[in-house]
Structure formats: structure tokens, C-alpha cells
Amino acid sequence: MMRLPSYRYRAPSTIGDAAAWLAESPTDTMLLAGGTDLIPNMKRRQQTPATVVGLRGIAELSEVRDGDGLTVGAGVTLSALVHDERVRQQHAGLWQAVAQVATPHLRNMGTIGGNICLDTRCTYYDQTFEWRKAIDFCLKKDGDVCWVAPSSKRCLAVSSTDSAPALIALGATVRLVSATGTRDVAMGDLYVNDGMQYLTRRADEILTSIHLPEVAGWRSTYWKLRRRGSFDFPVASVAAAARFDGDRIVEARLVLGALASCPLEVPAAAARLAGEALTDELIASVADDAYPLAKPMDNTDFELVWRKKMVRSLVTSALRELRGDDMRQARTRLARHPLLQVS
Amino acid sequence: MTLRGDVIGKPRRRVDGRAKVTGQTKFADDIVLPRMLHAKLLRSSVPHAKIVRIDTSKAAAVDGVSLVLTGESFPIAYGILPVSHDEHALCRDVVRFVGDPVAAVIARDEATAERAMRLIEVEYEALRTFASPDDSLAHPEPRIHEYGDFGNVHKAVALQFGDVDAAIAGADHVFDDLFYFEGNTHLPIEQHATVATKDQDGKLVVYSSTQTPHYLHRALAKALSLPAAHIRVVATPNGGGFGGKSDPFNHEVVVAYAAMRLDRPIKICLTREEVFYCHRGRHPVLMRFRTGVTKEGTITGLDLQTLLDGGAYGSYGVASTFYTGALQTVTYDIPTYRFRGCRVFTNKPPCGPKRGHGTPQSRFGQEVQLDKIAETLAIDPADLRLNIVQPPDSLTANFLRVGTIGLADCIKKVVDRSNWRDTFRKLPLGHGVGLACSSYLSGAGLPINWNDLPHSGVQLKLDRSGGVTVFCGATEIGQGSDDVLVAIVAEVLGIDPFDVRAVTGDTDLTPVDLGSYSSRVTLMMGNAAIQAAERARELIADAVSVKLEIPKGRLVFADRRVFDAEDPERGTSFREAVRLAEAKFGTLGTTGSYTPPRSEAKFKGGGVGPSPTYSYTAAVVEVDVDPETGWVTVPRVWIAHDIGRALNPTLVRGQVEGGVYMGIGEALMEEQVFRRLPAKLSHALVHKFPSILEYKSPTSLEMPEVFTDLIEYPDPAGPFGAKEVGQGPLLPIMPAVANAVYDAVGVRIDSIPVTPEKILRALEAKAAGKAPRQGPASFPDIPWPETLRVTPPWAGGTGRADNEPARPTHRRVDAGIEARAAGITKEARS
Amino acid sequence: MKLRLTLTVNGEPADTLVDPDKTLLEVLREDLQLTGTKHGCELGECGACAVLVDGVPLLSCLMVAHECEGRAVVTVEGLTEDGRLHPLQECFADLGAAQCGYCTPGILMTAKALLDREPHPSRERIREALSGNLCRCTGYQQILDAVEAAASLTVTR
């Protein structure tokens, strides 16, 4: 049986206590929320913190508050979001993203904060200690070569969070709390295109909540590419959100996921969409804008060439859904899940 | 005496159903014994190397560690086939793949063992790494093993039945197609586990998740130099097997040895990654099918070549090699046939038997080629097949005896049920249907260790309580073998299955059954059980007949009673009947045994393929293919299986659906593949993703609705007419998917799995005016041995080769294996 | 260092001393001898170890045991009531939904949570709810049949 390495366990009941304990030794302390990312990583010895601070006992982290948009505690489970009608009705892109994370059980455990902070993934990294030893380790953990591209100076592990592209598209911000203060960061500014230092969150900060702004006039969507309708992390994804005035888009955001070490915004697409109605031609040209940005590497499921080709289909599907096309069949075909009923 | 069929043929709760739904089934890892220690294996981190030095001192010094073992403790080689005893419990001189066990730590708990295991230092001297069959064929040195046919070729065989070259030359059309089938693995949800202990008498007891306790028993006796009579192997119910728990494994030998040495119970439970290293799964196979066909669509001859990537050890590989060529003739009339098969060693986990053992790969090639033939000849693929179905009660070109064959009915049934005539080549772009057929053994006709002993034995104990206990070495791996055993006894004795207690898979308590492989259990154990139960019924009937003065022939055993068929009121309870028999004959016990009929294939290599009878299957698969992305969805599958007789239709249907499921996985996504890191930077050759997450298997969302029909013509060779169902229904799925994809979008994917990447590439090729196909482009030149020429039965052949060299008797003695292997080596080099 | 852990398991109090690095799976199987809960990967990739925690199906292999302090855990051993099998258990046994039986406990617990919340789920809904439980034997069809049958049994009761 795979077992955890030993660690010191602390279970604070307030954010303040958690921040104080984290401040004691931020680099060898890790925060445990749902555990669906950290626990497997620890069992594989990808992460071996001396101290684990369990956040489950902090009631405040599980709150969802209305008013001036929606504020979601970082400890809210993905299932709770799936079952939240406000999310489903008003933030469809986020709902679709969290509804497609992993499996029903893992959504019952995993939290939105955990999914935002999800460790970057790579088929050279998400392996046991013994396997990684057989390749002489890699840049991200215990080694000095990025086997994805041995000449690369940086780690090319893949941002595999479903919620992040959706939240960026929705213009969300997150609150980071440390023993020394609190700051709000736009979701788009939370990520860095580096497989190792993929977050701008400091080691002593706790992500405590996510704020979704008011949604009047906005529509959003999330399309995920993966092998199976369950379990699998995205190998490419597209989140799109747009504010409409009638048929015309006033402003829009398009974000690619799982194609780099961080979510990738497509500013050219946003510019092209502003003030326009979503014609087939416009959709095709936006897909063309997105396509070259995707530079997948050979470190996920599927061949990278195919993943890159799929970006056009994902963008097209997302924009057509925003336009109001009936995309249910396409969703089953492309995203392997009808998304009609979700646990 | 008459049978009423109260049990047989009725859908029933399996006898072990309650245990399985209450969590009470004791799997190997559920066993906890007092003073139990835990073992962990250190596995090689390099693909091919000499072991220069192992330093275990740091591990041995860890608090809580009882014992550290290396290959020094295991001088004796073992293996499943007598011709390839090439494994040591821990590597002695050479490691042959990443994951090959090198050392073992026994400690008070698993975490301590794991910590200590990481402190063992091993110094390796790298040897050339063989990553592919091409590597192995190109470089005979260094040899991965010192035995084998030549260089890094483990086995190369060539057989010919009739003048196939003339037959193909004389055909109206010749089809020459290459196919590739990627390797895949069993992925049982239960990870292999073993508990070994020394019993109070000082004898070894091993509880293990094994499909083959008898072979493990033999291997332990050999590897540990213990008398077999002093070893007890108990096969715990397997949490899924599919062939993956059919070899004796390193961890079993290691904990057995450690338990004897430390006189304490030792447990090991492998991690998921280690299960991928045990492997013994589907061989990657490259195939070339050259087939001569008349313009009416009959086959004049088939010339088949296969190349198997065997991985690092022999396992069942020699049998696997023959199996890639054995069953082509059993489905269709193929009057002349040449088969050449080659298995090479590579530095990867060993391949072996997975559900369908060696036959799914060439079944895929044959069924896709038939689809191409039908297309070229403008014949409906169903009609093409119906026209060439092998006749019943016939002998194939390679001397396999076909008895009952319900294949034509299977084809007609799925054609009808799927509405094939209105859908094939008639659906809009992106939608398609495909048809394929298959057959499989109902048990291998020959045992692994050639001898004249029964393949299955059953004992029955009855006493005055009315209780019946049935003993058999057969192993419950989920397929329902305990249920079949109990149901047969209950049917013959006219009692309820829940009145019968089964004791199975225990070499101390049960007579030998060779194990749960080759779909042999229902037929072989079942026939043995009928014999044992009929003998018991005979004794009981004698006693009742005398006591109640009813002629024996009029006695009926049913409803837990024994009574007069002409006056059902006259009779006695089953319990009283047993009491009468015990009083008359003394303690009651009967036995039954089963040995398959002798095969007519007497040539060398003819031992693989014969079976008492064959099952047949036909399937139609429906696909939706997205031409933009290549994504395939399978909404529905229609399948008809010639089962002979369904003993418990609930379980039979479960086997059919489970086979379809596994076939869908193999067809669309499952791959056991490897990464070779850039050679100038690294020596690594590693399993690409030894995890359940990244080894993709279908979830409930990917599973199509399956419409199952059972074709029931009782086969005289099977118990109550039953044939196998565990493996056959998997086989047609992969080719049917590929054929359906062609129907949907007009591209041929001649390599499994059929992935969206391949489909899209083929569609792009098609759009560019190139061949609309994805698949292998060439078959390498292989230095085949001299072809054994066997005259087919229709030309007066005797089943012997015309040019067979004299060979020693079939009695192979384990101790002589190395010597034999050395002999073969000398022959090959001279 | 072992810490005290107090749980309710199958309706009974369970008081143990447990290292902080132990998962609920390990505590159930190794400390409480409830070996009905299985494991196939210990990484959250198969669903075999699913149990109910406060009525919600979770993966016990990813749950640090101490994070369950004070909570109610139900395992397959707790499905039977007064010696009577749960309708799901009856239907799984009758309809061939358990072949090797190894994934069965996790699937039963997941299905129980579904039926507790939605007594009449559609087949597609059952399919979705069980999409985190891998089964290699059945092809899921008899499992879906059994959950449907159990749902109708529950209704008629």
C-alpha cells in the first residue's frame, strides 16, 4: 500500500492560527484542504513537508456569500459548487469547470481553493519516487533536467486546473492572507508560466476566498478535452466569458487551459470579439487567434499535435455555446460528458 | 435417473454472492496473522545491467528490520513453462527491466520496510538496452537470456499445412495486410498480495492472489527446494485476474522463503506501480496476413507472420507465440495455412497471458482483413463470413478438432438484432457499424507440464447431516467457478446450491485443478464434478432403492428429495437418503476427474490450440466518429455467443458484458507503453505511466449498452453442454470497432488502439489524396527456422510433420530444463 | 506520535490512537480490522476505497484519518441492518453486479449515497454517480441494473 511520509500535523480553527503556523516555516509547511492533490503527491514523495496544516476545521473557509457578486470560501468543495444554483445559473463557465473535475468522490473532497492551487502536472513528475529515480529525477523535483525538453531552462509541467481558466474568464479575484497582511489578486495575476513557480502566492500565504464579480449581461462556458468523461485531468481546455448587449458582445475574455504551465489568456480574441456579433466567420477567426498560442508538450495524455489541433474545436464550441447554439451533442462528443446531471 | 434442470440454466444468485456484497470475501491482503511482518521489494532502477555490488548494511541496521534478502538466497530458477525457467525470486547477476526485483526487506510494518528498502545501495554496470523488437533482432549481443532460439530471439517457429504458396498463387485475389496490436495489461483492481507462514508442524503455507495455485505450488517446491508435500498453497479469491495472476511471482517466492527462515507470517501487497511491472499482459504484436481469396470470397490459403515483443522473461511466451497462429482456422475454412511466429526479448516487463492469450492480436488482423476482402469483392461482410464458417465435426488444416459450432447462428443473430442490413454502409458520415467474429478454447487440451494426469479433480463428501461438501483445486477469480462447481453438484443430487459447501483452491485440501486460465474451469472442473456427483448419486440411489423397494432407474433426485418418478409421494428426504447410503456403504466420499481427449495434432507445436471444444462469438459494434476531431464513441454493441449451454445465465451474461467492456478498453484506449529517454542523456527505459489514472480504462460513462444473445446448442464435450464464455466475447470487439470506424468515416485503422489521433491522421491523409490508413508499413526480415511441413487432413495427413526431426519424449523434467535450453542454444548457433 | 482519534464507525464509537500520517483507509483496515473496504491504488484513481463520511462518499485513501475526528463513517460492514442485507446488497448479489467483488464495497457505498439522496435516479444518473468507481469485471451493465432494481425495491417497500 502506498503510504504517507511522516509529518507534523496541525489543525487550526481560524485563518489567523493557520497563517501564524504557516509563517513559522513556510517552505516546509503545506496546507491540506481536500487532500486530493497533496496526499497522492506526498505518497509519491513529490512533496514531503515537515508540517501539514489541515484547513478542514476552519469554518470560515467553507462559506459562500452573496452580495456584490459571489464570494466563495476556498474550502468550499467542488461538489458544493456543483450543487449551488447561483453558480450554475450565473457562472456557468465555473459550474461547467468544477462539474468536470475528476470524479464525484474527488469533487466531494476537493476544494475550489485546492483546485486553483493544483500542482502543475507532468508525466515525468507525477510518478513514484522509484520511477523518478529510474529517470534520474527531473527539474521539478530532485533532478536538474526537464525531460520534456532537455534543453529547457524551466520546468514545463502543465497547469491542469479546470477552475482557473474559468475563473480568469469570469474576472475573479482571490484573497491571500498571511500573518503579515491580506491582499487581493486578480486570478489572471495568480499564475506564472513556470512549472515549478507557477503561483504568485507566497509560501506564507493562504488562499482564503474567491470573489466573482456581478454577472449582469455575462455568459460563460468551459470546454475540456480529456480521454474519459471522468477521472482525467484536462489535456487542453477553453474558458470563455462575454458580456452581451443583445446579439453583440461588449467585452469578452478567452482563456486556454492545460496547454502551458499557466492558463493562457488570448487578448487578440478579446479584442476581435468586442463590439461584434458571433458569426461563424468571427468564431473561426478567433479560433485562429487562439491556435498559435497553444504550445503543448509531450507530457500529458494524447499526442501533442492532436492536442494542439483540438484547440480550434474547443474554441469554436465554446463560442458557439455562448452564442446560444445547442451544443449538448458536441459536448458529449468532444468533452466526453453530457454535463446534464452531475454528482 | 433423470435430471430436472432445477439449477442448471436458471438465472441465480451466485453462491458466493452474499460474501462479495458484504465485504466478507477474504482477499489475500485482508488476511492478518499474529506476529505478522511485512515485506517490500527493491526493484531495479535500470533497464539492463549487471549487478556489480549490493550493500544492504544500512537497510539491515534500521530499527524494526528483521531480514534483508538478495539474489544470493535464491539460486534456483523457476518459471511457468518448463521450457523457460528463467526467473529468480531476486535477480542474481543481471537486471532485465526497470522493476525487476533485486532485494527484499522484511520489517515490522510496511512503512519501515519501505524506508529501509530505499537505503539499499546497488551498483550497476549498464548493458545495452533493447527497447523494441527491431533492436532485439538487430543486435544478438548481449543476450538478455542465455537460452532461447538465437540472439535475443526467444522463440521462432514456422509451420505449414498444405501448399499454401500454390494456393495463394492460384487465388483470384491476394490480400497482403500489415497490422499492429499494442500491448496492454490486465489492471485487476486488486493488487497482488501474498501472506506466507510456517504452520505449527513447520510446513510452509502460502495464501496468495493467484489464479494457478497448482503451478505456484510446483514453483515454490522447486525454487525453495522443499518437498511439495510440505507446502500448502491457498488461492484466495482473486480481485480480478484476467490472466495477470497466472505466473508464479517473485514476491510469492520471497515471502515464502522469509516466512520459513524467520518462522513468522510475512505479508506483501504490491503497489499499483509494481502490478504494472508484474504485467504478463497482452504482447505487442506486429502481423502480416497474406491471404488468397476466390472471387466468391472463399479463402484458398493464409500465410501469417507474427512478431511478438515478449519483454524480459519467458513467462507463457512460447505458448503465446503459437497462440497468435493457432485459432485462425477454427472459425473459417482455411484449407492451406502457413504460420510463422517470433517472440523476442526486450528490456520491459514480461508479457504473457491476458484474456484471449495471444489470439486477440491476430483475430484483429484477420477480421479487419476480411472486412477489406468483403469491400473489394462487394460482398456483405456478414455474408462473406457465413459462406466460410468452418463446418461442425471437422478437422482444420492444422488438425484442430471442431465439434459444435454455432458461429453462423451468432452472425445471423447479431445481424438481425442490430438491424445490420439497414445500417451497414447506409449510415450518414460519422456513423458506422462493424462486424467481427471469434472463437476461443474451452480449456487448453494439453497441460503446461506434459503428463498423463487429470487436468481437474473433484472430491465429494456427504454425511448423515445431509450436508455435501465439494472439494476442487479450481480458483475463484470472479468468474464464478465456485458457483459452477456447486451448481453442478446440486443439480445432479437434486438439492439447492446453498446446501453445498465448496472448498476450492487449496493444495492441502483439494484435488488438483490446473487453475483458472485458458477458459478451462467450467468444462474441466464441471465434467469432473458431474462424475463425482453421479458416483455419489449412484451410492445413494442404491441404498434408497433397496430400502424403499423402488427400481433404481425410477429414482428422481429433486427438491431435496429422492423419490419414485412414477409415484412422487413415495420417497425420502435427501438427508435421509444420504443416511441410508452411509449406513449401507460406510463413510461416503466420491471423486471425479477430467482429462481432455488426445489431440490429433502430433507435430511439434501442435500442443497449443487443441481444446475439447471451442466457443464462438459474433459482434456488431456501432460507432460515432467525429470527422473533425477523430473522437470515437461507442453507443451500442450487439453480441451473440455460442455458449453451448448457459449454466447460470446471470454469470454468463456478466462474462459476455465484461469481455465487451475489456474489448472496448483495448480497442479505444488501453496501452502498456514505454518511454526511452534520449540515449545520450540517459539509460532509462521506463513504463510511461504505471498508474490507474494514466493507464486509461473505460469508466461507466464510456461503456456502451450491450445487447447479449446466447446461442445454446449443448456441446457433448461440456458439462450439461456448456462451453467457455470468459474470453471469447472480448475478441471480436477490437476488429469490430476498427471495421465500424471504416464504415463511419472511410479510414482504416490497422493498429490497436484506435485513437482519435490515428483517425484524424488517416482522415487528413485521405483528404490529401493519400492512403486513408494508419498502421504499420513493413514487417522485418526474420531468419525463420526450417518450416515444419504438415499435410492437412483433407490431403491424407496424419497430424505429424513430414520433416519433423526426431525429438525426445514429452516427459520434460524440470531439472533438465537448463540443460535442454543450453542444447537448443547450441543447435541454433551451429 | 500517535494521537487520539474518535470516530463513529457503522454507528458504533471507535476510539483509537493513530499516527497523523495514517489515512482513514489504513485506520479502517489495519486498526479497526474492517477489511471490507478495499484499495486499488491508494492515490484516488480507482474508487475502491470509497466509504461514507457524514453520509457523503469519499475516498478513504486520500482522507487523513485525523481529519475525520468526530465524524460518522459508514463502511460496507455497516450496510446490513439487523442481519438483513441492504436492498442494494440483495440486488448486487442476485443480478451479478459483483463478479470478483473487489470494487463492490466502494460501489455499494457510492450507490447508497445516491439512493439516500435521490431514491429514483435515472440510468444515466446512476452511470454518472458511479463514474468514479472503476470495475474491470462487469462492464458496469449489471451494476447499473442492480442499482435500478434496488431503487425500485426501495420504492415498493
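Per-structure values
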{"read-out": "The stretch C:3-78, Rg to Rh (Cα coordinates; Rh as Kirkwood inverse mean 1/r)", "value": "0.91"}
{"read-out": "Proximal charge balance of A:Thr71 [Cβ under 13 Å; K/R count +1, D/E count -1]", "value": "-4"}
{"read-out": "Net charge of Cβ neighbours under 9 Å - reference B:Ile120; Lys, Arg +1; Asp, Glu -1", "value": "0"}
{"read-out": "Along principal axes, Cα extents of the stretch B:294-378, largest first, whole Å", "value": "45, 22, 19"}
{"read-out": "Helix axis angle, A:280-290 relative to chain A longest principal axis, alpha carbon, degrees", "value": "30 degrees"}
{"read-out": "Exercise: per-residue mean of other protein chain Cβ atoms within 10 Å, A:299-307", "value": "3"}
{"read-out": "Separation of alpha-carbon centers, the stretch B:250-283 and the stretch B:455-473, rounded to whole Å", "value": "32 Å"}
{"read-out": "Protection proxy ranking of C:7-14, A:309-316, B:412-419 - average other beta-carbon atoms within 10 Å, highest first", "value": "A:309-316, B:412-419, C:7-14"}
{"read-out": "Between 0 and 90°, nearest 10: helix A:304-323 axis offset from chain A longest Cα axis", "value": "60 degrees"}
{"read-out": "Relative contact order (%) - chain A, alpha-carbon pairs under 8 angstrom, separation at least six", "value": "16 percent"}
{"read-out": "Cα-based Rg of the protein assembly as shown normalised by 2.2 N^0.38 Å, two decimals", "value": "0.92"}
{"read-out": "Cleavage-rule hits, trypsin sites (Lys or Arg not before Pro), the stretch B:584-628, DSSP coil, Cβ neighbours within 10 Å at most 15", "value": "B:Arg598, B:Lys604"}
{"read-out": "Per DSSP, loop trypsin sites (Lys or Arg not before Pro) in the stretch B:7-56 with at most 12 further Cβ within 10 Å", "value": "B:Arg35"}
{"read-out": "Nearest-10 value in Å² for the accessible area of A:His211, using the 1.4 Å probe", "value": "50 Å²"}
{"read-out": "Cα-Cα over 20 Å, subset of B:Lys372/B:Lys766; B:Lys267/C:Lys2; A:Lys224/B:Lys770; B:Lys245/B:Lys267", "value": "B:Lys267/C:Lys2; A:Lys224/B:Lys770"}
{"read-out": "Inter-chain shielding of A:224-230 (mean C-beta neighbours from other protein chains, 10 Å cut-off)", "value": "6"}
{"read-out": "Shielding of C:45-54 by partner chains, average beta-carbon count, 10 Å", "value": "4"}
{"read-out": "Separation of alpha-carbon centers, the stretch A:133-190 and the stretch A:228-281, rounded to whole Å", "value": "21 Å"}
{"read-out": "Inverse of mean 1/r across different Cα pairs in the stretch B:83-225, Kirkwood, Å", "value": "20.7 Å"}
{"read-out": "Counting all C-alpha pairs of the stretch C:87-156, share separated by more than 16 Å (%)", "value": "35 percent"}
{"read-out": "10 Å binning of all Cα-Cα separations within chain B, expressed as whole percents from 0 upward", "value": "3, 13, 23, 25, 20, 12, 4, 1, 0"}
{"read-out": "Percentage relative contact order, the stretch B:453-503, counting C-alpha pairs under 8 Å, at least six apart", "value": "34 percent"}
{"read-out": "For the stretch A:26-48 and the stretch C:19-97, distance of Cα centres in Å", "value": "23 Å"}
{"read-out": "Normalised contact order of chain C, rounded percent, pairs of Cα under 8 Å and 6 or more residues apart", "value": "23 percent"}
{"read-out": "Modelled FRET efficiency - R0 30 Å, B:Thr591 with B:Leu548, Cβ distances, 0.05 increments", "value": "0.65"}
{"read-out": "Charge sum, other residues only, whose C-beta stays under 15 Å from B:Gly317's C-beta, Lys/Arg counted +1 and Asp/Glu -1", "value": "+2"}
{"read-out": "Kyte-Doolittle mean at least 0.0 and Cα axial length at least 30 Å: DSSP H helices in chain B", "value": "B:526-548"}
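The values are calculated or read from the model by the stated rules, or taken from the named source; none is laboratory data. Because the structure is predicted, anything quoted here is derived from the model rather than measured. When we count neighbours, we look across all protein chains shown, and the Cβ atoms used for this are built from the backbone with ideal geometry, even at glycine. Heavy atoms of the whole protein, side chains included, go into the accessibility calculation; ligands, DNA and RNA do not. Shrake-Rupley method; radii C 1.70, N 1.55, O 1.52, S 1.80 Å.
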